[in-house]
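Below is one structure; the comments refer to it alone.
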Amino acid sequence: MVSVKNKLIENENFKFIGLGGSNEVGRSCHIIEFKGKTIMLDAGIHPAYRGMLSLPFYDLYDLSKVDVLLISHFHLDHVASLPYVLQKTNFKGRVIMTHPTKAIYRWLMRDFVKVTTIADEFLVRDDTSNLFTDDDLINSFDKIETIDYHSTIEISGIKITAYHAGHVLGAAMFQIDIGGINILFTGDYSRELDRHLNSAEIPNKKIDILIVESTFGTATQQPRKTREKKLTSLIHDTVKKGGRVLLPVFALGRAQEIMLILDEYWAQNNDELGFGKVPIYYASDLAKKCLNVFQTYINMMNDNIRAKFRDSKSNPFNFKHISYLKNLENFRDLGPSVMLASPGMLQSGVSREILEKWCPDFKNLVLITGYSVEGTMAKFLMMQPDTIPSYENPDVNITRKCRVEEITFAAHVDFLENLDFIEKINAKNIILVHGESTPMGRLKSALLSKFKHLKRTENEVKVYTPFNGVTVDIKFQRDKVATLVGT
Amino acid sequence: MSSVVFYRFYSNNPALKSSDQYISFQGTGITVFELKREIILQNSLGDGSHFILKIYNDPDTAETSKLEEIKEDNTVIPRSSKILVKRLPVERQSQTRHGISSFRTVDSTRYISGKPKMSATGSFQGSA
Ligand SMILES: [Zn+2]
Ligand SMILES: [Zn+2]
């Protein structure tokens, strides 16, 4: 007699806990636990809050348990609380990011602790909200290890591989292999080819759990070409009529892409716009300092920009028609011009100063090209308010007559790109992060109806949209092992 | 006479001097309500709408190493005590009223703009 005995070898639990960036955009920080290993993804801050309020909910978790912290890219909502984690908590793990992310992080954070544009973007530097010092920053820098795209690092049995994510220079998706179960964390990612970056890749591995951004939910974007055309013609029309254009941007990343577009357009319309007729300014000392970082890592960008660099033998980020302003002191506001200035969400600093100066005139234009977080001035402006509060004196209201437009170059996937990517990854478990509740909820419904036919089959797809602090539990059953018993 | 209660945020490294903070007050003890209010103000945590502040007995001073939340607003914390503080996400509690289910969020605004929730004894866990 032969009988088959089914033996369940192991029943293993995967846990996901959002400390930040779950059902919100900002302070990205997630913990994953599996087989006794703990990985932390990102350590950001929330741009709409200040000081300790802007931090992820670090009290939710015992950070001394973390084996490794992976940083997806240099945006502050993904990296800016790293010095805090390293210096103020009992985190003892290793920290990994790509080379360009580390190089830019160094400059960004130096700026961040000083009283300059980016410091103003997120934290006010006074006694109550100064989260870390220059020393903290320098110490944190030594602890960061780097990873190359397409290379794998093994840390206490966890295998980590980095892939291109598009989005900004140095942005990575991480594929994490723990004991044969594969997790993919996309970070912020984009799938369209732009002027300087590679688009996000599809890892050639079977993925069990996908942790994916949902910023745009089910919204779709117009084609890239259409958006570029809209951008340049809006700007051209405004300056032609004697108006000024303010483009609030985050100092590094998408700003460089916008400048590549504008510089090219100015060259094509040299007669009307060039030779200083309509100057373009970039009020960012930081961006100027990071010019050589962009040049250093041109080999990590796409073929177009590499060819451009090879042919001209000059740094393609050193623009012909754009001049850098260190600050506004030597800015002579004499006529139509285009001003790129940070912070990107207009909370304070140079972009806010220009906004307050230019917004009473109906001829002027404020053009928002990035993603605007809930609770920021940029988001408020989009509602076309009659007045805006003055930064210096919030009791004073300034009339707003200027035009406000939004054309996004934020480099996040739209619904169709995200759906296509998710289908190609083909994971049975999908955890949505980096999205406000409404768009995230819509994306969840859309995904569930897309995968409806798999319901109650072996390949059923589960979609999770946890809030911060709510744990997602996923059980992995090792395959039942059939043993032959008897003779 | 001025008294103090010491506290530390759970995520702050206990080995660092800067992790230890304190609230000073007059008298022999401070209510949980007052203490939470002072901690929120001292750390510039705004109107309390973006988180829940919870306090716990300090494991160093407790007999077991288990963290025990001190829940009642009118519990009095004796001076010179050491406590642990956690800033946690707002909680969403589902509720059903007239057959319609919805979510109610629980945050810490009452410590800034509201009144303490009174319980009968201040030492037992009451449910409101
Ligand atoms: Zn980003
Ligand atoms: Zn982001």
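The values are calculated or read from the model by the stated rules, or taken from the named source; none is laboratory data. Nothing here was measured: the structure is a model prediction, and the numbers come from that model. A quick note on method: Cβ atoms are made from the backbone with ideal geometry, for glycine too, and the neighbour counts reach across all protein chains shown. Surface accessibility is based on the protein's heavy atoms, side chains included, excluding ligands, DNA and RNA. Shrake-Rupley method; radii C 1.70, N 1.55, O 1.52, S 1.80 Å.
Among the residues making up the stretch A:392-426, those that are open to solvent by 80 Å² or more (accessible area, probe 1.4 Å) and assigned to a loop (DSSP other than H, G, I, E, B) are A:Glu392, A:Pro394, A:Asp395, A:Lys401, A:Asn426.
Restricting the search to helices (runs of 4 or more DSSP H) fully inside the stretch A:225-304 and requiring at least 2 residues that are within 16 Å of ligand 1 (Cβ to nearest atom), more than 14 Å from every other protein chain (Cβ to nearest Cβ) and modelled with pLDDT of 90 or more gives A:254-268. Of the residues making up the stretch A:428-469, those that are under 23 Å from the mean Cα position of the chain (by Cα), aliphatic (A, V, I, L, M) and not in a helix (DSSP H, G or I) are A:Ile430, A:Ile431, A:Leu432, A:Val433, A:Val463. For A:Ser323, the requirement of being hydroxyl-bearing (Ser, Thr, Tyr) and either over 18 Å from A:Met382 (Cβ atoms) or surrounded by fewer than 17 Cβ atoms within 10 Å (Cβ to Cβ) (or both) is met. The requirement of being part of a loop (DSSP other than H, G, I, E, B), crowded, with 19+ Cβ neighbours inside 10 Å, within 16 Å of ligand 1 (Cβ to nearest atom) and of a type in the set (A, V, I, L, M, F, W, C) is not satisfied by A:Val212.
This table checks each residue for (1) away from chain B (no Cβ under 13 Å); (2) surrounded by fewer than 21 Cβ atoms within 10 Å (Cβ to Cβ).
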{"site": "A:Glu24", "(1), (2)": "no, no"}
{"site": "A:Ile32", "(1), (2)": "yes, no"}
{"site": "A:Met40", "(1), (2)": "no, no"}
{"site": "A:Asp62", "(1), (2)": "no, yes"}
{"site": "A:His73", "(1), (2)": "yes, no"}
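Yes/no per residue for (1) modelled with pLDDT of 90 or more; (2) more than 12 Å from every other protein chain (Cβ to nearest Cβ); (3) open to solvent by less than 30 Å² (accessible area, probe 1.4 Å); (4) touching an Asp or Glu at 6+ places or on another chain (Cβ under 7 Å):
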| position | (1), (2), (3), (4) |
| --- | --- |
| B:Phe9 | yes, no, yes, yes |
| B:Asn13 | yes, no, no, no |
| B:Ser18 | no, no, no, no |
| B:Ser24 | yes, yes, no, no |
| B:Gly27 | yes, yes, no, no |
| B:Leu35 | yes, yes, yes, no |
| B:Gly46 | yes, no, no, no |
| B:Ile83 | yes, yes, yes, yes |
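Residues that are within 14 Å of the chain's Cα centre (by Cα), over 26 Å from A:Gly20 (Cα atoms) and surrounded by fewer than 19 Cβ atoms within 10 Å (Cβ to Cβ) do not occur anywhere in the stretch B:88-104. Tell me whether the stretch A:374-390 contains one or more residues that are touching a residue at least 60 places away in the same chain (Cβ under 8 Å) and hydrophobic (A, V, I, L, M, F, W, C). Looking through the stretch A:374-390, at least one residue is touching a residue at least 60 places away in the same chain (Cβ under 8 Å) and hydrophobic (A, V, I, L, M, F, W, C). With the checklist (1) open to solvent by less than 20 Å² (accessible area, probe 1.4 Å); (2) free of Cβ contacts under 8 Å to residues at least 40 places away in the same chain in hand, flag the one item A:Thr226 doesn't pass. (1) is the only condition that A:Thr226 fails.
Does the stretch A:160-174 contain at least one residue that is surrounded by fewer than 20 Cβ atoms within 10 Å (Cβ to Cβ) and among the polar types (S, T, N, Q)? No - not one qualifying residue is present in the stretch A:160-174. Residue-level analysis places A:Asp311 outside the set of residues that are surrounded by fewer than 24 Cβ atoms within 10 Å (Cβ to Cβ), part of a loop (DSSP other than H, G, I, E, B) and of a type outside the set (Gly, Ala, Ser). Listed by position, the strands (runs of 3 or more DSSP E) enclosed by the stretch B:9-88 that each have at least 1 residues that are in contact with a Phe, Trp or Tyr (Cβ under 8 Å, 6 or more places away or on another chain) are B:21-26, B:52-57, B:82-88. In the stretch B:85-111, the residue that is nearest to the other protein chains (Cβ to nearest Cβ) out of those that are touching a residue at least 40 places away in the same chain (Cβ under 8 Å) and of a type in the set (S, T, N, Q) is B:Ser108. Taking the stretch A:404-430 as the range and being of a type in the set (A, V, I, L, M) and within 16 Å of ligand 2 (Cβ to nearest atom) as the test, the residues that pass are A:Ala410, A:Ala411, A:Val413. Scanning the stretch A:161-181 for residues that are within 16 Å of ligand 2 (Cβ to nearest atom) and either of a type in the set (D, E, K, R) or not in a loop (DSSP other than H, G, I, E, B) (or both) turns up A:Ala172, A:Met173, A:Phe174. Among the residues making up the stretch A:360-378, those that are away from ligand 1 (no atom under 16 Å from the Cβ) and at pLDDT 95 or above are A:Pro360, A:Asp361, A:Phe362, A:Lys363, A:Asn364, A:Leu365, A:Val366, A:Leu367. Residues that are within 21 Å of A:Val350 (Cβ to Cβ) and among the aliphatic types (A, V, I, L, M) within the stretch A:262-292 comprise A:Leu262, A:Val278, A:Ile280, A:Ala283, A:Leu286, A:Ala287, A:Leu291, listed in sequence order.
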